[in-house]
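*Asks:* Can you keep this structure in mind? I'll have questions shortly.
The values are calculated or read from the model by the stated rules, or taken from the named source; none is laboratory data. Worth saying up front: this structure is predicted, and the values here are computed from it rather than measured. Methodologically, a virtual Cβ is constructed for each residue, glycine included, from the backbone with ideal geometry; neighbour enumeration extends over all protein chains shown. Heavy atoms of the whole protein, side chains included, go into the accessibility calculation; ligands, DNA and RNA do not. Shrake-Rupley method; radii C 1.70, N 1.55, O 1.52, S 1.80 Å.
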Amino acid sequence: VGFGLTAIVIGVEKGYITLEQGFERVDKTLDTLASMDHVEGFFYHFVNMSNAKRSGNSEVSVIDTGILMMGVLTAGDYFGLQTKSNALYERVNWPWYVDQSNHQFYMAYTPEGGFAGHWDFYAEQLMLYVLGAGSPTHPTGLAEYNSFIRDKKRYGDGELFIHSWFGSIFTYQYSHAWIDFKDTTDDQGINWYDNSVAATKAHYDFAVKVEKNYKTIGADAWGLTASDGPGGYNGLIGAPPSGYDNKSHKVDDTVAPSGAIGSILFLPEEVKTAMLNYYNVQKLFGTYGFVDAYNLTKNWKAGDVIGIDKGITLLMLANYQDNIVYNVSMSNLYIRQGMENLNIKKAE
């Protein structure tokens, strides 16, 4: 829904829908969100579409609430619905989801089992630190931002970069869909935009190196990421570096178009080459854009699309074309305040 709300902004800007249509959709969605069950402002990961109640044993999700809040703030600002959007954001009790013994965000919470896991490695949760640090009601700060492990590795002769555990390329993209880290550094001299450029280059270099071993993966089909596959959804698909020993990622020749496309800000020419392959050679384009994934070894092509994969594709393309999302999101008071409170600043 965070991606979806932002997509409505893009839809208006691109002329797909009218301003009035966009306003109505966002206004009603914000009303629905305000009436839904939540725990300390955090939403359940999955809800029943007929009544907006918790679906099954779904967890109260910190990362999905973070993605949602990015969309809430962006759409709320764009359509002048800040009273509703800010209320949703300001009720999120970020410190409640933090393990005070190590200042790391927990990974999940259920009423039945309590908290589980930690965001102990770099990944898509980067946005959580900015959102938390910008909160005027329930803030987190530098202790949380500095709590996760920053393990640096390289692929081949590439640059060292801070990598994620499974090496899925989406982990280097999601926060960047709303937060423009370009030309910024923090107190440790880290530029998260440059980090994603290096990670994207590692994905591309890996695909080129192993091209002879696979039917799908190569210079025109790269960017391994969590997606549907021949055996169902697989969240472990990625490329090295991964874990501490480069054995935590999985490769089965499944490629999701969203993997490369979500990195168009970081490696545009290589992404365009992949997009042309997906469109002209593999014929993966359908009613909702590219199918979720394909695997030539298994002679398999996904029959559906996945919202988060469509979301990162759309938002990054919009930012690449003319900063459609950034023009709104980076003007948001809370996001700006969060960056400032974390000392993530434009390089001198």
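*Asks:* Taking interchain pairs and intrachain pairs at least six residues apart, which have beta carbon atoms under 6 angstrom, with the first residue in region 185-201 and crowded, with 17+ Cβ neighbours inside 10 Å and the second of a type in the set (Asp, Glu)?
*Replies:* Close Cβ pairs (under 6 Å, with a partner that is of a type in the set (Asp, Glu)) amount to 198/159.
*Asks:* Looking at region 154-166 only, could you name the residues that are open to solvent by less than 40 Å² (accessible area, probe 1.4 Å) and closer than 24 Å to residue 131 by Cα?
*Replies:* Hits for region 154-166 are 161, 162, 163, 164.
*Asks:* Another question about this same structure. Got a sec? Which of 44, 16 is open to solvent by 20 Å² or more (accessible area, probe 1.4 Å), in contact (Cβ under 8 Å) with a residue 12 or more places away in the chain and out of contact with any helix residue (DSSP H, G or I) (no Cβ under 7 Å at 6 or more places or on another chain)? Quick ask: steps written out before the conclusion?
*Replies:* Details: 16 fails: in contact (Cβ under 8 Å) with a residue 12 or more places away in the chain.
Criteria check complete, one pass: 44.
*Asks:* OK, next. Kindly establish whether residue 231 is among the small types (Gly, Ala, Ser), open to solvent by 30 Å² or more (accessible area, probe 1.4 Å) and over 21 Å from residue 164 (Cα atoms).
*Replies:* On the way: among the small types (Gly, Ala, Ser): yes; open to solvent by 30 Å² or more (accessible area, probe 1.4 Å): yes; over 21 Å from residue 164 (Cα atoms): yes.
Considered against the rule, which asks whether it is among the small types (Gly, Ala, Ser), open to solvent by 30 Å² or more (accessible area, probe 1.4 Å) and over 21 Å from residue 164 (Cα atoms), residue 231 comes out as yes.
*Asks:* Step by step: first the residues of region 272-303, then only those that are touching a residue at least 24 places away in the same chain (Cβ under 8 Å) and aromatic (Phe, Trp, Tyr), then the one that is surrounded by the most Cβ atoms within 10 Å (Cβ to Cβ). Which residue is that?
*Replies:* 294
*Asks:* In region 315-335, what residues are in a helix (DSSP H, G or I), within 22 Å of residue 87 (Cβ to Cβ) and either touching a Pro at 6+ places or on another chain (Cβ under 6 Å) or open to solvent by 10 Å² or more (accessible area, probe 1.4 Å) (or both)?
*Replies:* Once the filter is applied, which keeps residues that are in a helix (DSSP H, G or I), within 22 Å of residue 87 (Cβ to Cβ) and either touching a Pro at 6+ places or on another chain (Cβ under 6 Å) or open to solvent by 10 Å² or more (accessible area, probe 1.4 Å) (or both), region 315-335 yields 328, 333, 334.
*Asks:* Can you say whether residue 245 is of a type in the set (Asp, Glu), open to solvent by 10 Å² or more (accessible area, probe 1.4 Å) and farther than 28 Å from residue 183 by Cβ, as far as the supplied structure shows? If you could, list the steps in order and put the result at the bottom.
*Replies:* Numbers: of a type in the set (Asp, Glu): yes; open to solvent by 10 Å² or more (accessible area, probe 1.4 Å): yes; farther than 28 Å from residue 183 by Cβ: yes.
Here the answer is yes, as residue 245 does meet what is asked.
*Asks:* Within region 263-305, track down each residue that is of a type in the set (Gly, Ala, Ser) and outside any loop (DSSP other than H, G, I, E, B). Walk me through how you get there before you give the answer.
*Replies:* Going residue by residue through region 263-305, those that are of a type in the set (Gly, Ala, Ser) are 263, 274, 286, 289, 293, 302-303.
Selection gives 274, 286, 289.
*Asks:* Do you know which of the residues in region 81-116 that are in contact (Cβ under 8 Å) with a residue 24 or more places away in the chain and of a type in the set (Val, Ile, Thr) is most open to solvent (accessible area, probe 1.4 Å)?
*Replies:* That would be 110.
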